[in-house]
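The structure that follows is given in the form of structure tokens.
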Amino acid sequence: MLRRDFFKNATLATGSMALPFVSLKALAAGERPEQFFVYYHCSGGWDPTSLLDPKGDADRGDNRGDDSRVNKFTASQILSRGNIRYAPLWINNQYIDDADVGVVDPSAEFSDELFSLNTLNNSISNNTNTRNSAQTGLYNAFMKHYQNKLRIINGVNHQTNSHTTGRRNASSGTNEMDYPNFSALYAAQFDSSMPMAYITDGAGYNFSAGLVPETRLDSLAAIEYLANPNKFDDNNNYFEDSIMQRLKAARSQREFDILKSEALVSRKQQILLSQQAKGENELAELIEAISPSGGGAAAGLNSRQQQMSIAAGAFSKGLAASCHISSRGGFDTHGDSDNRQSAALRGTLSDLHHLWQQLELQGVADRTTVLVGSDFGRTPWYNSNNGKDHWNVSSMMVMGNGVVGNTVIQASDALVNAIKVNPVTFLPDDNGVTITPAVVHQSLRNVFNISNSAFAKEYSLNAEAINLFTS
């Protein structure tokens, strides 16, 4: 590795680039969150009828598309666990109904192997013969294990078929530009007391409106380099410890010289805080918290799962309040929709399983709320490429703290149109409300007790204030 790499890592560790570190010790009196938030975005526009809002193969009767069925599985193949109905799994050009999932003992807990991306083999094609127990049992295993944490909201009207607008709407609750996503809005309440309040992968609609610095981390290896810029490999350093101490002393002297000549009080305070700690201690504590879980790429984790490991550890150490994650695509299925949606959904469920494992490991699962959404939905019919195009009506999942699980709000009809529901009972009601991302995000703000904060008022949603999560 080149000498310049050392200086690049040293620059990162001093806080001048990626990480907006302020010492926890210097700001110990600041307010800390009692709740944590994770948003997972399924980029591209998922098909809710392929998992969360199954309809069956009844013909629409309007000759739309080249195949006017909503789904290709029958109504009798739709699965259920508790109060949650979900689609059968598409594998090898056929749907796996409940009778075919005998490989999963319904009385037993699933094993972690069910959720291994390597085992799932997301690149399954029509010609591969890989119907193993992990693949056929995944949907059942996920619903069995997480149904009591999970509320499904079907019939969310995103009011757009645009990817850019849809991502913004799902993440922030509005189609308007320049609004922060909820992860950033919530983290902004604690920015002054948390060194990396808002963690993001930089993908999707991660816009913060300048309310809070973005901490872009999705690699444990990157944290290790930031915490120890002198590390060359597991056995060697760039420089001897004595030289590193001289470098740190020179840095401190430079800051002292700047402090003597600085006239602005606010700038002096910033330099003083920087002198008290550079974040190395906090990063070392974070690495120590994550390491027992084997949170790196060597453990077979993708970048999203590494980011989840980092976020869970940061929550537990008082370093972060929220995390924004994007699937990096996979759901924009204008062709071969059933195969591609199934592969992308298996990846999403695997990611969510890893997230909850990490939250449990770090002791913060009971204080964390997870929202899962997408740009929009897919058409309730198939095009000539066996695909589905953009459709404004979609679904969202919410899990964890502040959520009544094992429940479904059914605000879509048999043809995936949004219908109005009573704001209390959530039953169909012509005089009720249409559920939009704004309504979902207003409920989020209420659950996280920030509806009356200055930032929330500045970026008001003007949405119906109904309780979507706990009633």
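Only one of these is touching a Ser or Thr at 6+ places or on another chain (Cβ under 7 Å) and either modelled with pLDDT under 95 or charged (D, E, K, R) (or both): Asp218, Asp233. Name it.
Answer to the check: Asp218.
Restricting attention to the range 110-167, which residues are at pLDDT 50 or above and charged (D, E, K, R)?
Selection gives Lys144, Lys149, Arg151, Arg167.
Against the definition (at pLDDT below 95 and at positive phi), how does Asp191 come out, yes or no?
So Asp191 does not fit the description; no.
Additional query: Of the residues Val408, Val372, which is assigned to a strand (DSSP E or B), under 20 Å from the mean Cα position of the chain (by Cα) and modelled with pLDDT of 95 or more? Write out each step before concluding.
On the way: Val408 fails: under 20 Å from the mean Cα position of the chain (by Cα).
Of the residues listed, the single one that is assigned to a strand (DSSP E or B), under 20 Å from the mean Cα position of the chain (by Cα) and modelled with pLDDT of 95 or more is Val372.
Do you know which of the residues in the range 58-75 that are of a type in the set (S, T, N, Q) and free of Cβ contacts under 8 Å to residues at least 24 places away in the same chain is nearest to Ser337 (Cα to Cα)?
So, considering only residues that are of a type in the set (S, T, N, Q) and free of Cβ contacts under 8 Å to residues at least 24 places away in the same chain, the one nearest to Ser337 (Cα to Cα) is Asn71.
Let me ask something else about it. Going by the conditions given, is Gly387 part of a loop (DSSP other than H, G, I, E, B), under 19 Å from Ala344 (Cα atoms) and in contact (Cβ under 8 Å) with a residue 12 or more places away in the chain?
yes
Now for a separate question. List pairs: first residue in the range 214-229 and closer than 13 Å to Met308 by Cα, second residue part of a strand (DSSP E or B) anywhere in the structure, Cβ distance under 6 angstrom, at least six positions apart or on different chains.
Arg216/Thr200; Leu217/Ile199
In addition: When you look at Val403, is it of a type outside the set (Phe, Trp, Tyr), touching a residue at least 12 places away in the same chain (Cβ under 8 Å), outside any loop (DSSP other than H, G, I, E, B) and buried (at least 20 other Cβ atoms within 10 Å of the Cβ), yes or no?
no
Of Ser443, Ser471, Ser412, which residue is among the polar types (S, T, N, Q) and over 28 Å from Asp366 (Cβ atoms)?
When all the criteria are applied, what remains is Ser412.
Filtering the range 461-471 down to residues that are under 23 Å from the mean Cα position of the chain (by Cα) and among the polar types (S, T, N, Q), which residue is surrounded by the fewest Cβ atoms within 10 Å (Cβ to Cβ)?
Here the answer is Thr470.
Only one of Ala277, Ala227, Ala284, Ala297 is at pLDDT below 65 and more than 30 Å from Cys42 (Cβ to Cβ); which? Before the answer, list the steps.
Numbers: Ala227 fails: at pLDDT below 65; Ala284 fails: at pLDDT below 65; Ala297 fails: more than 30 Å from Cys42 (Cβ to Cβ).
After applying the criteria, what remains is Ala277.
What residue, among those in the range 355-400 that are acidic (Asp, Glu) and within 25 Å of Gly155 (Cβ to Cβ), is surrounded by the most Cβ atoms within 10 Å (Cβ to Cβ)?
Here the residue is Asp375.
Report, by residue number, each residue of the range 306-334 that is assigned to a helix (DSSP H, G or I) and under 10 Å from the mean Cα position of the chain (by Cα).
Gln307, Met308
So if I check each of Thr165, Thr215, Thr174, Thr160, which one is under 28 Å from Asp375 (Cα atoms) and buried (at least 23 other Cβ atoms within 10 Å of the Cβ)?
None of the other options fit; the residue is Thr215.
Just to be sure, is Val416 of a type in the set (Val, Ile, Thr) and either touching a helix residue (DSSP H, G or I) at 6+ places or on another chain (Cβ under 9 Å) or closer than 24 Å to Cys42 by Cα (or both)?
yes
Within the range 156-165, how many residues turn out to be over 24 Å from Gly400 (Cα atoms) and either assigned to a strand (DSSP E or B) or in contact with a Phe, Trp or Tyr (Cβ under 7 Å, 6 or more places away or on another chain) (or both)? It would help to see each step written out before you state the result.
We begin by selecting, within the range 156-165, every residue over 24 Å from Gly400 (Cα atoms); these are 159-165.
Applying the additional criterion that residues be either assigned to a strand (DSSP E or B) or in contact with a Phe, Trp or Tyr (Cβ under 7 Å, 6 or more places away or on another chain) (or both) yields 160-161.
Of the residues in the range 156-165, 2 are over 24 Å from Gly400 (Cα atoms) and either assigned to a strand (DSSP E or B) or in contact with a Phe, Trp or Tyr (Cβ under 7 Å, 6 or more places away or on another chain) (or both).
When the range 141-155 is examined, which residues are found to be within 19 Å of the chain's Cα centre (by Cα) and part of a strand (DSSP E or B)?
Leu150, Arg151, Ile152, Ile153, Asn154
I'd like the full set of residues that are more than 21 Å from the chain's Cα centre (by Cα) and within 21 Å of Ser208 (Cβ to Cβ), limited to the range 413-455.
Scanning the range 413-455 gives Ser451, Asn452, Ser453, Ala454, Phe455.
Now for a different question. Is there a residue being modelled with pLDDT of 85 or more, part of a helix (DSSP H, G or I), farther than 30 Å from Pro437 by Cα and not aliphatic (A, V, I, L, M) anywhere in the range 69-76? Don't jump to the end; show me each part of the working.
Going residue by residue through the range 69-76, those that are modelled with pLDDT of 85 or more are 69-76.
After this cut, where a residue has to be part of a helix (DSSP H, G or I) as well, the list is 75-76.
From the residues that got through so far, the ones that are farther than 30 Å from Pro437 by Cα too are 76.
Still in the list and also not aliphatic (A, V, I, L, M): 76.
So far as the range 69-76 goes, yes, one or more of its residues are modelled with pLDDT of 85 or more, part of a helix (DSSP H, G or I), farther than 30 Å from Pro437 by Cα and not aliphatic (A, V, I, L, M).
In the range 436-458, is there at least one residue being assigned to a loop (DSSP other than H, G, I, E, B) and within 19 Å of Ser374 (Cβ to Cβ)?
yes
Which residues, taken from the range 385-410, are of a type in the set (Gly, Ala, Ser) and in contact with a Gly (Cβ under 8 Å, 6 or more places away or on another chain)?
Here is the first cut: in the range 385-410, the residues of a type in the set (Gly, Ala, Ser) are 387, 394-395, 400, 402, 405.
Result: Gly387, Ser394, Ser395.
The values are calculated or read from the model by the stated rules, or taken from the named source; none is laboratory data. Predicted model only: the values in this text are computed from it and were never measured. Counting neighbours? That spans all protein chains shown, and the Cβs are built from the backbone with ideal geometry, glycine included.
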